[in-house]
Amino acid sequence: MSSSSYHSSSSSTGGHGWPNCKCGSKAVMETSWTDDNPGRRFLGCRHFREGRKCKFFEWVDDEICKRGKAVIIALRNENIKLKLKMKQCTSITLSSVSLL
């Protein structure tokens, strides 16, 4: 897939030269963390998490090669594991302090 190009000279562009979504709001850039598109940026409606979906969606980045996807997924998963371990350590430390 090819990425789209955005120019601020277009009449349908938002604050960063990005297009407005179908509901008229400025599009926002997000990052996908799915296994199919890890780390790939896209533009979407700023209200997509609120349930008011105008269904506006455009990829900013080209698709990542299979090796790149595998590396990013492995790093993402390791990051999740480390965050969980940190949370557990913090929880244990806090409970130890409260016993004193």
query = Does Gly44 satisfy being of a type in the set (Gly, Ala, Ser), assigned by TED's automatic domain parsing to the domain that holds Trp18 and farther than 14 Å from Asn20 by Cα?
reply = no
Restricted to region 37-69 and to residues being in a loop (DSSP other than H, G, I, E, B) and aromatic (Phe, Trp, Tyr), the residue farthest from the chain's Cα centre (by Cα) is Phe56
Residues of region 33-51 being closer than 25 Å to Asn79 by Cβ and surrounded by 15 or more Cβ atoms within 10 Å (Cβ to Cβ), in sequence order, are Asn37, Pro38, Gly39, Arg40, Phe42, Leu43, Gly44, Phe48
Log entry, pairs with first residue in region 68-86 being within 17 Å of Arg40 (Cα to Cα), second being polar (S, T, N, Q), beta carbons closer than 9 Å, six or more apart or on different chains, reads Lys69/Asn37
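The values are calculated or read from the model by the stated rules, or taken from the named source; none is laboratory data. Worth saying up front: this structure is predicted, and the values here are computed from it rather than measured. Reconstructed Cβ throughout: ideal geometry from the backbone, glycine too, with neighbour counts over all protein chains shown.
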